[in-house]
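Comments concern the structure below.
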Amino acid sequence: MAHPLKADFLRELGYAGPLALIDPLLEAAGLSSAKKPRIHPDKREAVAQLIEARLVLACGRGDCQAAACAAAGERIVALSAGPEHCEICGGSVNAAAVERMIEACRGAGWRRLVVVGGSPNARSELERLVGGRLELRLIDGTRARSARLARGDLAWADRIVVWGATQLDHKVSTLYDGPKKVQIAIRSVKGVAEAVAESARRQGRG
């Protein structure tokens, strides 16, 4: 089976900007060459982490573009593949998905979630949308965490979300394993909410 076209691959990860912008970043990271129109699917998480670290994805709304420029710092502002991938507004789909997640968690009797990884903006957006209706522990995946603290998180939580394809150190993610873990490889808040909701529904069906 042929590897996916690079443009399609990047769009699935939320990037809709020109290849000319991202190709030098991919090449410098040893992930692709500008001469190659396709990319190996196994590189998905590494490319997603590169996008997270080097780009600010924003939708075409003027206010989101302006806010992205103000928040970018050393990162590059790039067009997102849709509002749901916009780091600034997240689109209304995030709010709807979080509402479904909260409903599913309540149905499963879950009140406490630990989220490991994700960008600071994404974690803040998730916390804002949850609005205190679930208890959250949001763990920065780029900062070292002790095994003792991780064991406490595992004991405290009803579910642990390991937010792959984001700013997440392997040494941190490996601390969180077991039957409570929900592993995802989608950058969006919507992706987190949908994964948790589906896990809650499966428990309810079980």
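The values are calculated or read from the model by the stated rules, or taken from the named source; none is laboratory data. Worth saying up front: this structure is predicted, and the values here are computed from it rather than measured. Ideal geometry is used to build each Cβ from the backbone, glycine not excepted, and the neighbour counts take in all protein chains shown.
Just a few scattered comments:
- The range 181-202: number of residues that are assigned to a loop (DSSP other than H, G, I, E, B) and buried (at least 17 other Cβ atoms within 10 Å of the Cβ): 3
- The number of residues in the range 5-28 being over 21 Å from the mean Cα position of the chain (by Cα) and either farther than 11 Å from residue 79 by Cα or in contact (Cβ under 8 Å) with a residue 24 or more places away in the chain (or both) comes to 8.
- Which listed residue, of 41, 24, is under 23 Å from residue 184 (Cβ atoms), surrounded by fewer than 17 Cβ atoms within 10 Å (Cβ to Cβ) and not assigned by TED's automatic domain parsing to the domain that holds residue 141: 41
- Each residue in the range 10-43 was checked for being among the small types (Gly, Ala, Ser) and part of a helix (DSSP H, G or I), and 2 pass.
- Scanning the range 101-113 for residues that are buried (at least 17 other Cβ atoms within 10 Å of the Cβ) and either in contact (Cβ under 8 Å) with a residue 40 or more places away in the chain or of a type in the set (Phe, Trp, Tyr) (or both) returns 101, 104, 105, 108, 110, 113.
- Set side by side, the residues 97, 53, 104, 46 differ, and just one is in a helix (DSSP H, G or I), in contact with an Asp or Glu (Cβ under 6 Å, 6 or more places away or on another chain) and under 28 Å from residue 172 (Cα atoms), which is 97.
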